[in-house]
Amino acid sequence: MATNYNTLIESEKNLKKMVVQFLEYSYSTHEKLWKNIFTFEDGNKIIDSMEVRLKEAEQRERDLLDECIWIISKDNPRANHLRFIISIIYTTKDITKTASYPLYIAKTFVRKKIDIIQISKIKEMTESYLKLFEKYIKIYQNDKIKDKFDEVEKMYLEFIEFSHEINKKIRAELTEEDLEIDYFPISQIIKLIEGTIEHVKNIFTNAVLK
């Protein structure tokens, strides 16, 4: 029993390490996206880069899921450990979602021909969500995740409020004629940014409910 317990604890540590590495990979994908956009990288090159990184993210998802299945099959985990593994499976799905959004943002930016003046209106928001993403990774690495849940939720709500204010400001600056051309593509990107932070926040919900 002790040997099996120790094996499961080591398995949990390894899974959490893989999750952190996956989160960091997703974060670096978002960071790379905005660096390329704001340094005027060729749009098609940005899309190509994000497609390559999404394929890598999907492979990381498969590796994590394979590891979860392997642990279940070889260690026959009891209820507590099984709940942890299930939480990791849900978390892996959420991280893959966050890693897919940079490609959608890149395609919207390029195909809707959003100019740098328009995209610059959300630069402060991009900086804010990247900082929050990074903070969430650091909090997730803390063993006392349950103690941090309220803090995580509060930061999320503050970011969403900030995002909505920027959204309203952009819309208010545009005429009705400009809404379809200039506002709706930007609003799609804002929704993807909000969705990214929501999925990162979900990893804490998954951990608390395990």
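The values are calculated or read from the model by the stated rules, or taken from the named source; none is laboratory data. Just so it is clear, the model here is predicted, and its values are computed rather than measured. All Cβ positions, glycine included, derive from the backbone under ideal geometry; neighbour counts span all protein chains shown. With ligands, DNA and RNA removed, areas are computed over all heavy atoms of the protein, side chains included. Shrake-Rupley method; radii C 1.70, N 1.55, O 1.52, S 1.80 Å.
Taking N as the number of residues in the stretch 1-118, what value does Rg over Cα atoms divided by 2.2 N^0.38 Å take? Write down the numbers at each step before the final one.
Details: Rg = 18.4 Å, N = 118, 2.2 N^0.38 = 13.5 Å.
Here the Cα radius of gyration is 1.36 times the empirical estimate.
Arrange the peptides 187-197, 99-109 so that the one whose residues have, on average, the most other Cβ atoms within 10 Å appears first. It would help to have the intermediate numbers written out before the result.
On the way: 187-197: 19.0, 99-109: 22.0.
Answer by packing, highest mean first, reads 99-109, 187-197.
If you count, for each residue, the other Cβ atoms within 10 Å and average over each peptide, how do 128-134, 157-163 line up from highest to lowest?
On the way: 128-134: 18.0, 157-163: 14.3.
Answer by packing, highest mean first, reads 128-134, 157-163.
Would you mind calculating the gained length between GLU161 and ASP66 on full extension (0.36 nm times residue separation, minus the Cα-Cα distance), in nm to one decimal?
Details: separation 95, 0.36 × 95 = 34.20 nm, distance 3.81 nm.
Using 0.36 nm per residue and subtracting the Cα-Cα distance, I get 30.4 nm.
Given C-alpha coordinates of the chain, what is the ratio Rg to Rh with the Kirkwood estimate of Rh? Show your work: numbers first, answer last.
Working: Rg = 19.3 Å, Rh = 18.4 Å.
Reported Rg/Rh (Cα atoms, Kirkwood Rh): 1.05.
Work out how far the C-alpha atoms of the stretch 61-183 reach from end to end along every principal axis, then list the three figures in whole Å, largest first.
62, 32, 20
What residues of the stretch 5-19 lie in the reach of a label at ALA79, counting those whose backbone N is under 18 Å from a point 7 Å from the Cα along Cα→Cβ?
Residues 5 fall inside that zone.
Taking Cα pairs under 8 Å and at least six residues apart, what relative contact order does the chain come out at, in percent? Numbers along the way, then the final one.
Numbers: 179 pairs, mean separation 64.3, N = 210.
31 percent.
Roughly what would the spin-label model give for SER187 and LYS169, points 7 Å off Cα along C-beta, in nm?
Rounded to a tenth, the inter-label distance reads 1.9 nm.
By Kyte-Doolittle mean hydropathy of at least -1.0 and Cα axial length of at least 30 Å, which whole DSSP H helices of the chain are selected?
Working: long enough: 2-38 (54 Å, -0.58); 43-75 (48 Å, -0.68); 79-111 (48 Å, 0.25); 145-172 (40 Å, -0.69); 184-208 (36 Å, 0.56).
Passing helices, by number: 2-38, 43-75, 79-111, 145-172, 184-208.
With the other protein chains left in place, how much accessible area per residue, in square angstrom, belongs to the chain at a 1.4 angstrom probe?
Numbers: 11660 Å² over 210 residues.
Here the residues of the chain average 56 Å² of exposed surface.
Just to verify a number: FRET efficiency for GLU10 and LYS93, C-beta to C-beta distance, R0 = 22 Å, to 0.05?
On the way: r = 24 Å, r/R0 = 1.08.
The computed FRET efficiency comes out at 0.40.
Just the number, please: carbon plus sulfur as a percent of the accessible area of the chain, 1.4 Å probe, no ligands or DNA/RNA counted. Show your work: numbers first, answer last.
On the way: 5880 of 11660 Å².
Of all accessible area on the chain, carbon and sulfur atoms account for 50 percent.
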